[in-house]
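Below is the structure I would like to discuss, written out as structure tokens.
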Amino acid sequence: MKPTLLVLAAGMGSRYGGLKQIDPVGPSGETLLDYSVFDAIRAGFGRVVFVIRRDFEALFRGKIGAKYSGRAQVDYAFQSPDDLPPGFAASPERVKPWGTGHAAWCAREIVREPFAVINADDFYGADAFRRLADFLRGARDDEAALVGFTLSRTLSESGAVSRGVCDVAPGGLLRGITEHTRIVPADVGPGKKFSGNETVSMNCWGFAPRIFEGLGSGFSEFLKISAALPSAEFYLPAAVSAMVAHGTLTVRALTADADWFGITHREDKPRVAAAIAALVKAGAYPAKLF
């Protein structure tokens, strides 16, 4: 069975100002998401499931999902603040979704096969998807994979970023992830806060379907404390770290041999477009993907 690519695309892009998931950066109008889907298909993924919000479903289907018709099966799951485990109710003040852990959990009814999880607005590179596909072909139910990136290759010249720094055991197993905020290039280098060689999580995961049980349990525990808070979020890295700490999940940490590109700030777009153009010129991608 070919693995599925689960794309978290329900974010509002508040810092960027709009739906950056559909903003073109490629020479023929490609989005960052187009490159991820292209890389996943050529790595052996057979299905793409987008987690989106109902309010931009028609726009997303028309501008994004329709492009992949005939290349891969495309399905949708919907993230809503009201999609909660039994016995819980959202605060009346809750407007935004519950975070990336909740977004992944929202696909529990339609994903039954091994799958990868990525963000819609990140560029991970072909190597990341090859590593995920190789892992998912033989993954056990209690095993997952994280494809991380070297910190120095994930920074933005346009402002501070947040990164989950991975604690990896000598044998390559993930021990936990610690979130660090407001990292700028000046923090990285000899004698600085970070060496730059740290492995960081960019929300690039490989899971067996059993993960949904763990996410549901973790989300319920989270809601016992945070259900009444209007802006609390259940993050996927924190949820996975908790499962690792409890001994219910083993996560193999893999490091991609690539630069990560992302549009956190609007000023990042020209730099990302130039990096994509260089990859196209080098022959890594065709001038037109779909």
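With only Lys, Arg, Asp and Glu charged, each at its Cβ (+1 for the first two, -1 for the last two), find how big the charge dipole of region 4-281 is about the Cα centre; round to the nearest 20 debye.
In debye, rounded to 20, region 4-281 gives about 320.
Sticking with this structure for a sec: At 0.36 nm per residue, and after removing the present C-alpha to C-alpha distance, how many nm does the segment from Ser231 to Arg112 gain when stretched out fully?
Gain on extension, Ser231 to Arg112, equals 39.8 nm.
So, in Å, what gap is there between the alpha-carbon centers of region 109-147 and region 199-247?
Rounded to whole Å, the Cα centres lie 16 Å apart.
For every helix of n ≥ 4 consecutive DSSP H residues, a contribution of -39,500 (n - 2.57) applies; sum these over the chain, divide by its total residues, and give [θ] at 222 nm rounded to the nearest 500 deg cm²/dmol.
Result for the chain, helices only: -8000 deg cm²/dmol.
Holding the Cα-Cα limit at 30 Å, pick out from Lys192/Lys281; Lys67/Lys281; Lys96/Lys269 the pairs that are longer than that.
Lys192/Lys281
Using Cα positions and a limit of under 17 Å, work out the aspartates and glutamates in reach of Lys288, with same-chain residues fewer than 8 apart set aside.
Correct list for Lys288: Asp23, Glu30, Asp34, Asp39.
Tell me, what is the Rg over Rh of the chain, with Rh the Kirkwood radius over Cα pairs?
Rounded to two decimals, Rg over Rh is 0.94.
Highest mean first, what order results for 92-99, 194-201, 3-10, 226-233 on Cβ atoms within 10 Å?
Per-residue Cβ counts within 10 Å, averaged per peptide and sorted highest first, yield 3-10, 194-201, 92-99, 226-233.
Place +1 on the Cβ of every Lys and Arg and -1 on the Cβ of every Asp and Glu in region 4-281, take the dipole about the Cα centre, and give the residue among Val272, Leu5, Val244 whose Cα lies farthest towards its positive end.
Highest projection toward the positive end goes to Val272.
Could you compute the net charge surrounding Ile183? Neighbours are other residues with a C-beta less than 9 Å from the C-beta of Ile183; K and R count +1, D and E count -1.
Neighbourhood net charge equals +2.
Between Lys281 and Ser91, take the C-beta separation as r, use R0 = 35 Å, and let me know the FRET efficiency to the nearest 0.05.
The calculated FRET efficiency here is 0.10.
OK, next. Note down the nm distance, to one decimal, between modelled labels 7 Å out along Cα→Cβ at Arg175 and at Asp257.
Here the answer is 2.7 nm between the modelled labels.
Readers should treat all values here as calculations from the given coordinates under stated rules, not as data from a laboratory. Predicted, not measured: the structure shown is a model, and the values here were computed from it. A quick note on method: Cβ atoms are made from the backbone with ideal geometry, for glycine too, and the neighbour counts reach across all protein chains shown.
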